[in-house]
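Values quoted throughout were computed directly from the atomic coordinates according to the rules given, and no laboratory measurement underlies them. Please read these numbers as outputs of a predicted model, since none were measured by experiment. Methodologically, a virtual Cβ is constructed for each residue, glycine included, from the backbone with ideal geometry; neighbour enumeration extends over all protein chains shown.
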Amino acid sequence: MVTDTVSWIAVGLALITSTAILISRDWRVSLGALAVQYLAAFWLVTRHLPLAMGSVKLIAGWMVIATLGMTRLSLMNLEQQEEDAFFPRGQWFRIALMGIVVLVAAGSAPRIEAAIPGLGLPIIAGSLLLIGGGVAHLGITSDLLRVILGLLTMLAGFEILYAAVESAILVTGLLAAVNLGLGILGSYLLIAGSSPLENEDEL
Amino acid sequence: MNAPILWIAVPFLVGGGILFLLRERYAAWLGGGTAALLALIALVIPIDTALLLGPVSLKIAPSIQILGRSFELNTADGPLLAIIYGLAALWLFGTEASGTANRFVSLGLMIVALLTASIAVEPFLYAALLLEMAAMLVVPMLVPPDQKAGRGVVRFLIYQTFAMPFILFSGWMLAGVEASPGDLGTTIQAGVMLSLGFAFLFAIFPLYNWVPLLMEEASPYATGFLLWALPTFTTIFALDFLDRYTWLRTTPQLTNAIRFAGVFMVASGGIFASLQRHIGRILGYAAITEAGLLLLIIGLGSSEIINLTFLILIPRGLELVVWALAIAIIKGRIQSLRFADVQGLARSYPVAVSSLILAHLAMSGFPLLAGFPSRFALWQQIAEGSLALSFWVFLGMFGLLIAAIRTLAVFVMAKEDAKWEWNESWVQTIMLGLGVIGLFILGLFPQALQPFLSNLAPLFEHLGQ
C-alpha cells in the first residue's frame, strides 16, 4: 500500500518535472527538474529491477545532468540569444500540450495494463507521461539543449516501461551508455561552433 | 584469440588510440591498414576452426560473454566481416585523399566496430542499442568543433533515437507473438511497432528529410560514410528479424507494406534527385533510392533475397565512396556545391568530375557499371510479379539518370577559353582511378562477387528457401 502510494507520488513528480522542462525559460530550472525526474524514474524502475540496477540509471542520469550543466554554465553568451529566439511566448500552449499528454496517458494506461498484466498502473502511467512529455518537447523546439532534454525525458519514460519487461544487465548497461552518450553529445554540440579553435591542430 | 575481440574490441581501441594519440598524417594509413588487415583475416582464417601453422595451432573462438549475454561471430560471419572491413578500409584510406581530419578515421573505426557488435550480440534485438550508439558516434564526424550543428544533424539524432525504443519493445512483443501466433491484436501491435522502428532506421518517406539537409550542411565524405554504414547494417538487422520470425515473412500485409515503402522511396528519391540543383543533395537522394531498392528486395520475398541484397550492398559501398570522395575533393576548393558554383569544373577537376559522373551512373543502373547487374537481376524479379511496380522503379532509376545528365551538363558548361587543368593531387587521382576501375570490374565481371555471395547464404537459415 505504502509502495503504491510512493509510486503514485513518483508519477506526480514525473508529471510536474516534465511540465517544468516543457515550460521553463531557465535552463537551470530545466536541468533541476530533470534531476528530480530521474529520482522519480529511479523509484518506478526499481518496482521491477533490483536496487543496484535502478541506481545505475539514476547515477547515469545525474552524470548527464552534471555534464550538460557544466557545459551550459561555460556558455553564458548564449543566455540572451536563447531568451530572444526561443521562449518569449506560448506557455499556455505548452501547458495545453502537456494536458493532452496527461489525457492520453490516463486513457491508455488502463488498456495497456489490461493487455500486459503485471506491469502496474503507476509504472505505465509514469512511463507514458515521460514519453509523451519528451515527444511533445521535441515537437516544439529546435534548441540543442532542449532537444537533448526532450530525448532524455523520452528515454527515461521508455526505460521505466522496458525495465518491467526486460531485466538483462547488458541492456541496463547499454541504456546507461546511450544516456551518457546523449549527454556528452549534447555538450559537444553546444560547444561546437561557439568558440574559435586555438590552433590548426584541433581541426 | 577470440572473434568478437578481434573484430569489435581491436578496431574500437585502435580508433580510440588514433583519436587521442596520432597525428592526421598517419591516421588514414593506420586506420585503413587495420580495417584491411581485419578484412584479410576474415577472408583467410575461418572462425572456430583450428589451423596448424607449423608447430603452432591457431583457433579463433567464436563467442565471448559480457554482462551475462554473448557476442558471437561464427564461421558463416567470415565473408560478411571481410566485406564490411574491406569496404570500411576503402572509406578510411579515402580520408587521405579527401582531406578529412583524423577524427573521421578514429570515429569511423569505432562506428564500424559498434556496428559489427550489432551483428554479434545475442539476443540479436539488442542490436538496436548498438545501432543507436553508432549513430551517436557519427554526429561528431558530421559536426566539426568549429561549426554549429544544423537542422539535419538534430533530426538525424532524434529519428535514430526514436527507432531504438520501438525496436526493443517490438522485439519483446514478437516473443509473445511466437508463443501465441493466433493472437491477432498482439501481432498487429508488434508489427506496427517494428515497422515504426525500421521506418526511423531506414529513413523511410517522409522520415528521410535529414538526408538532403545533411548533404548540404555537413562534410559530404562523412555523410557519405553515414549513408553507407547505417543502412548496410540496418538491412542485415532487418534480414535477421525476417529470418528468425516466420510470421514476418509470411504475413502478406507486412510484405506488401515493405514493398510499397520501397517503391515509394525509389520513385520519390529518383524524382527528387532529378529536380535538385545541388550535387550533394543529389547524392543524398540517390542513397535514398538505393535504400528503397533494398526495402523492395526485402518486400518481394524472393528466394534470391540474400543474393540480391548483397549484390546491391557490396557495389553500393564502392559507388558511395567514389561519389563522396569526388564531391569532397571538389568541395575543398569551392564555397558551395550548387550548380551555379560547380559550373564548368570538368576542365579544372577532370578526374573528380568523371569519377563522380561514373559513380552516379553506376547508381542509376547504367550498363557496364557496378550497379547494373543488381538492377538487372531485380528487374527480372519485379517484372515477373507486377508491371506497375516495374514502372515506378523505372521512374526512380530514370530520375537518377536525368540527375546524372543534368550534373554532367553543368560540369562541362565551361567558358570557351577555359583551359584544361589537373588540380587533383596524385593520391586523389590514384584513389579515384582505383575506385572507377572497381566500378567497371563489378559491372563487367559481377561473378567476381560470387564467392562472397555463395558463402553468405548460411548466415540466414530460413531466408531464401
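How far is the Cα center of segment B:119-147 from the Cα center of segment B:244-285, in Å?
So the separation of the two Cα centres works out to 23 Å.
How compact and how long is segment B:1-122, expressed as Rg and Dmax of its alpha-carbon atoms in Å?
Looking at segment B:1-122, its Cα Rg and Dmax stand at 14.7, 45 Å.
Over chain A, what is the mean sequence separation of C-alpha contacts under 8 Å (at least six apart), divided by residue count, expressed as relative contact order in percent? Numbers along the way, then the final one.
Numbers: 230 pairs, mean separation 58.4, N = 203.
Computed over chain A, the figure is 29 percent.
Could you give the longest part of chain B that holds none of the GluC sites (Glu not before Pro) found in DSSP loops with at most 12 neighbouring Cβ atoms within 10 Å?
It works out to B:1-415.
Taking the Cβ of each residue in A:137, B:462, B:360 as the centre, tally the other Cβ atoms inside 10 Å and list the residues starting with the fewest.
Taking fewest neighbouring Cβ atoms as first place, the list is B:462, A:137, B:360.
Within segment B:193-297, report the trypsin sites (Lys or Arg not before Pro) that DSSP leaves as loop and that have at most 14 other Cβ atoms within 10 Å.
Loop-located and lightly packed - B:277.
Let a ≥ b ≥ c be the square roots of the eigenvalues of the Cα gyration tensor of segment B:298-441; is it rounded (a/c under 1.5), or, if not, prolate (a/b larger than b/c) or oblate?
Judged from the Cα gyration tensor, segment B:298-441 comes out prolate (a/c at least 1.5, a/b above b/c).
Find the centroid of the Cα atoms in segment A:1-76 and in segment B:66-87, then give the distance between the two in whole Å.
38
Would you please classify the overall shape of segment A:20-69 from the alpha carbon gyration tensor, given that a ≥ b ≥ c denote the square roots of the eigenvalues, rounded means a/c under 1.5, and beyond that prolate means a/b larger than b/c while oblate covers the rest?
Verdict is oblate for segment A:20-69.
List the extent of the Cα atoms of chain B along each of their three principal axes, largest first, rounded to whole Å.
74, 60, 44
If a/c stays under 1.5 just call it rounded; otherwise compare a/b with b/c (prolate if a/b is bigger, oblate if not). Do that for chain A, with a ≥ b ≥ c from the square roots of the Cα gyration tensor eigenvalues.
oblate
Would you be so kind as to identify all helices of chain A, as entire DSSP H runs, whose Cα atoms reach 27 Å or more along the helix's own axis and whose mean Kyte-Doolittle hydropathy is at least 0.0?
The answer, listed by residue number, is A:2-23, A:51-73, A:91-115, A:121-140, A:144-165, A:169-191.
In peptide B:145-156, how many Cβ atoms from other protein chains are near each Cβ within 10 Å, on average?
Neighbouring Cβ atoms belonging to other protein chains average 4 per residue here.
If the viscosity is 1.306 mPa s and the temperature 10 °C, what translational diffusion coefficient in µm²/s does Stokes-Einstein give for the protein assembly as shown when Rh comes from Kirkwood over Cα pairs?
61
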